[in-house]
1. Could you compute the FRET efficiency for residue 437 and residue 391, with r as their C-beta to C-beta distance and R0 at 22 Å, rounded to 0.05?
2. Going highest first, how would you order 433-442, 159-168 by mean Cβ packing within 10 Å?
3. Trypsin sites (Lys or Arg not before Pro) within segment 1-100: which are DSSP loop residues with at most 14 other Cβ atoms inside 10 Å?
4. Lys and Arg at +1, Asp and Glu at -1: add these up for the other residues within a Cβ distance under 12 Å of residue 278 and post the number.
5. What is the local net charge at residue 201, summed over the other residues whose Cβ is closer than 15 Å to its Cβ (Lys, Arg +1; Asp, Glu -1)?
6. Among 82, 367, what is the fewest-to-most ranking by other Cβ atoms within 10 Å?
7. Residue 511 to residue 295: FRET efficiency via 1/(1 + (r/R0)^6), r the Cβ-Cβ distance, R0 56 Å, to the nearest 0.05?
8. Can you give the local net charge around residue 152? Use residues other than it whose beta-carbon is closer than 10 angstrom to its beta-carbon, Lys and Arg +1, Asp and Glu -1.
Amino acid sequence: MKVLFLAAHHAYYRNFESAIVTLAERGHSVHLAADEPESMGGQALVERLASTYPGVSHGFAPSLDAEPWFRLARKLRSASDYVRFHDEAFATFRKTRLTLRERIPRGILRLMDAGAEKSRGARAAIGAILRGSEALAPISEASVQFIQSHNPDVVLLASVTAWRLPQIDHLRAARTLGRRTGVCVFSWDHLSSKALLRSVPDRVLLWNDTQKQEAITWHNMPADRIVVTGAQCYDQWFDRAPSRDRASFCRAVGLSPDQPFLLYVCSVMTPNPYESKFVLRWIEEIRRSSDPLLRNAGILVRPHPERLEEWEGVSLEPFGNAVLYGRNPVSPDAQADYFDSLYHSHAVIGLVTSAFLEAAIVGRPVYTPLLPEFEMYQEGVQHFRYLVDVEGGLLKVSRSLPQHLDELAAALAKPVARDEQNARFIRAFVRPQGLDLPATPAFVAAVEELAAATPLPRDEATAWRRALQPLVRVVARSSEEGWLRAPLRDTPEMLNDRAKARKAAHKQAAAVEREQRVADKREFLASRRRERQREHWTGARRKQLARIKGRLKALMGSPSSTT
């Protein structure tokens, strides 16, 4: 079996590494393609897999960024989802709407802000127009040729719910070619707060019944196309043993082995709330605690690999027995480090991160404070609710920082043990087939079953869609540089246009000022020349008059000759 796997970037494959390895060990060929480069260790990951398993290769999928129609389609898709996220089911989840505001055409944004967002009928009409318009986007010839060049039995896609990437266009190209396709859910939030699945694949491989319900209800996926496999990305943490004892780990990272330590796992939250500032405040409050065990506890802070810049220049050394430590768990050494951090900690704390799931798997209690400044990132997103609601939830939440610190003090006073709350959640959300049944074999079996199944009939372009393609390309060009640019540009483009206009106006004003200075200088020089000419003419006349006067004087003063 030949598998073409497509993802946003190569670091995505860390969530599918166990499945890729199993497929390769079973004799299948897997090509790992990425839409864009990254700097989080993904390149090293795929190179390691390719060097270890002859059937694994890697590379990049074609970029569609140079295609005007793709840039327009991307904005229309974002606008369609922006309208969709105003529906009642998503009304309380404003974070996603805020994320999308900058990505959609300003004309649509003005319509929604003018009152359409409050009218169900207006939203339905705008949404229908946007969905119809985006459906007219051409099938990417570059994607078609790329898929044909690999001639896969199965095309898997891990990032179809990413707005800015061409994953949906790769899926449409594969469906046009009649290839067997599978959409693989990358993470816990990719069906609740990301883009709509706009094309129905042969299979949707996801983690649990919660995601299955999301796929059916919110993405209109047929139930018979969905396979619940469990979360294969977490298999590696279930039966793992630490790579070193607690004392050795603490000494290696710079913590005291004589005190229990708390592990704070950072999140990737946008727009930027600067979680680092909160973490520093959180540590200050811990160090002021009246409870000696909490006050003296070690603190290990793991920055999120996508948010390292906010920690530049930050030191935890003044707090004592507190360190900033951790790498993206992509390489074997980094994975061992991460597991050791979880395993040897007494409790795990954070705001909203998938590391909560890994902490629960390892058996550590997970605490989070629900503070007003982070409401949009916690209770303001659907997937956070799952951590609280599914089978009684996973998180131990508090509504104030003092209450949160009291809970941490109580946790440090007890020995670490997996509680039933952890087990119930993990069984429902991560391993729905049973805590002792890994998800990777189910994922691989679903891919092999897909390769053996009869593919769905290929998607054929209707006659009217083919007939409208020249018009689509004209509209796409106009949205870039014609009269449609103003209503169809997004916020970054508008700001860029304004910056260019200001720069052009400044250059024009500078040119006018320069020309005026040159003209003034020319006038000044001409005036000086005229003045010198007048002075020269006046001087010459004076000299001439003086000569005449001299001659007259000489003539009048000469003695007369007498006879």
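1. 0.80
2. The packing order, highest mean first, is 159-168, 433-442.
3. 26
4. With Lys, Arg at +1 and Asp, Glu at -1, the neighbours total -3.
5. In short, +3.
6. Ranking 82, 367 by Cβ neighbours within 10 Å, fewest first, gives 367, 82.
7. 0.25
8. Cβ neighbours under 10 Å give a net charge of +2.
Throughout, read-outs are computed from the coordinates displayed, never taken from laboratory work. Because the structure is predicted, anything quoted here is derived from the model rather than measured. Counting neighbours? That spans all protein chains shown, and the Cβs are built from the backbone with ideal geometry, glycine included.
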